[in-house]
Amino acid sequence: MNTDIMSVLLHKASFDGLSLKELAQQIEAKKKCKDKLPLWFSTPNIYYPERLNLEQASSEITAAYKSEKVNGRSLVDLTGGFGVDSYFFSEKLDRVFHCEIDEDLSDIAAHNFLALGAKNIISVKGDGIEFVKQSKVKFDWIFLDPSRRHKSKGKVFLLSDCLPNVPENLDHLFDKSDRVLIKTSPMLDLSAGLKELREVLEIHVVAAQNEVKELLWFLRKGATGKVSIHTVNFGNSGTESFNFDHLEEKEALSSFGFPAKYLYEPNAAILKSGGFKIVGSRFGLSKLHEHSHVYTSDILTDFPGRRFQILEVVPYTKRTIQKLNLDKANITTRNFPESVAGIRKKFKIKEGGDIYLFFTKDRDGKLIALRCKKV
């Protein structure tokens, strides 16, 4: 797929039923899917939708993760989109209903399901909520990914402002299934989501390459009590998992200490989950400061995140940072009044190299800098 788009647009050859502009769009879209959707990329006769639809689609790695968490015979995907999640669900369940209100996108997904050999997906053109309301059967699972863009409000972060409005329709969903799975933006605050939803059994924070991609809310009709938090980070060197529940985090006690021999930074999924006390307690680590969320120990231990050897700790002053004599370093700030960009500009430190600088506060609240190397 090294075809130059301009050469396609300038080419005079004709393609039956396909304009040169449309062909160029297909080539560009396929290129974008190489890493995110390798199965679609490598499958013949796949047709690609508009750019926004591709951007909003799940990646294969996150879709496969979701599919491992469902069981039973039937699932209805109320906001099917490009159909990535529906396809992976279809590999685990007997029947999947793919609902999509955009007729063109529905046709594209249906075409691709056939190209992928997924014959147990039933395409439904129309509003997924209305389809469920009018259904005379119950489903083992209902899945939906509410749009974070509202026609009148622009980009939104509350579930009640998304389309469809999940809190408003939750009774209708539980009428047709005992289990509901909701995918939301990583921007959604977990506490805010718990206030808007009910009967939440589990929340999964899913990251890839240390970037949170989506939050998954598993609801079960009649569920009460503690909510289980699952974090997962898919990386080149393997998968990091860390699970806890709200009560554990609430009751956990943090120990605090000055920088020791090693420094630990939790992965993005754990940081998003809010498990700041339990992760230190579980691994026997001391926090540098209550709000810094970086940890230290004298003995190196396994940890779901980045690990560093501390080479030097200095107070944060212009003189001490200049004495480090660094023209290049990887910089991270945690609970610090200045930004990474501001620090780089002030001390003329370029990005990169083998040295890692952490700017944070110690247990007494004093500003410090830690020069480290990766373990």
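The values are calculated or read from the model by the stated rules, or taken from the named source; none is laboratory data. Please read these numbers as outputs of a predicted model, since none were measured by experiment. Cβ placement follows ideal geometry from the backbone for every residue including glycine, while neighbour counts extend to all protein chains displayed.
Numbers for the structure displayed
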| item | result |
| --- | --- |
| So S160, is it surrounded by fewer than 19 Cβ atoms within 10 Å (Cβ to Cβ) and not in a strand (DSSP E or B) | yes |
| Test result for K176, touching a Lys or Arg at 6+ places or on another chain (Cβ under 7 Å), at pLDDT 95 or above and surrounded by fewer than 19 Cβ atoms within 10 Å (Cβ to Cβ) | yes |
| Single unsatisfied condition, F218 versus (1) closer than 30 Å to I182 by Cα; (2) not assigned by TED's automatic domain parsing to the domain that holds H204 | (2) |
| Qualifying residue in segment 202-218 (condition: surrounded by fewer than 21 Cβ atoms within 10 Å (Cβ to Cβ), at pLDDT 95 or above, on the phi > 0 side of the Ramachandran plot and within 20 Å of the chain's Cα centre (by Cα)) | yes |
| Qualifying residue in segment 100-115 (condition: at positive phi, in contact with a helix residue (DSSP H, G or I) (Cβ under 9 Å, 6 or more places away or on another chain) and surrounded by fewer than 21 Cβ atoms within 10 Å (Cβ to Cβ)) | no |
| Leading residue by the ranking (surrounded by the most Cβ atoms within 10 Å (Cβ to Cβ)) among those in segment 293-323 that are in contact with a helix residue (DSSP H, G or I) (Cβ under 9 Å, 6 or more places away or on another chain) and closer than 29 Å to A192 by Cβ | Y295 |
| So A29, is it hydrophobic (A, V, I, L, M, F, W, C) and outside the structural domain of A207 (by TED's automatic domain parsing) | yes |
| Condition check for V180: more than 18 Å from P266 (Cβ to Cβ) and touching a Pro at 6+ places or on another chain (Cβ under 7 Å) | no |
| Residues being out of contact with any Ser or Thr (no Cβ under 6 Å at 6 or more places or on another chain), assigned to a strand (DSSP E or B) and either without any contact (Cβ under 8 Å) to a residue 40 or more places away in the chain or under 19 Å from G275 (Cβ atoms) (or both) - total across segment 181-207 | 7 |
| Among residues of segment 325-364, those that are within 25 Å of L300 (Cα to Cα) and either outside the structural domain of S297 (by TED's automatic domain parsing) or out of contact with any His (no Cβ under 7 Å at 6 or more places or on another chain) (or both), counted | 14 |
| Test: residue in segment 312-331 that is touching a residue at least 24 places away in the same chain (Cβ under 8 Å) and within 26 Å of the chain's Cα centre (by Cα) | yes |
| Test result for A369, within 30 Å of V206 (Cβ to Cβ) and modelled with pLDDT of 95 or more | no |
| Hey, E22 farther than 30 Å from P164 by Cβ and at pLDDT below 95 or not | yes |
| Qualifying positions in segment 211-223 - in a loop (DSSP other than H, G, I, E, B) and in contact with a Lys or Arg (Cβ under 8 Å, 6 or more places away or on another chain) | K221 |
| Matching option when the condition is more than 28 Å from Q26 (Cβ to Cβ), surrounded by fewer than 21 Cβ atoms within 10 Å (Cβ to Cβ) and modelled with pLDDT of 95 or more, among S74, S59 | S74 |
| Given (1) among the charged types (D, E, K, R); (2) assigned to a loop (DSSP other than H, G, I, E, B); (3) modelled with pLDDT of 95 or more, number of the condition K226 does not satisfy | (3) |
| Residue among G193, G238 that alone is small (G, A, S), outside the structural domain of L311 (by TED's automatic domain parsing) and within 24 Å of D171 (Cα to Cα) | G193 |
| Members of segment 339-375 found to be under 16 Å from V294 (Cβ atoms) and of a type in the set (D, E, K, R), listed by number | K361, D362, R363, D364, K366, R371, K373, K374 |
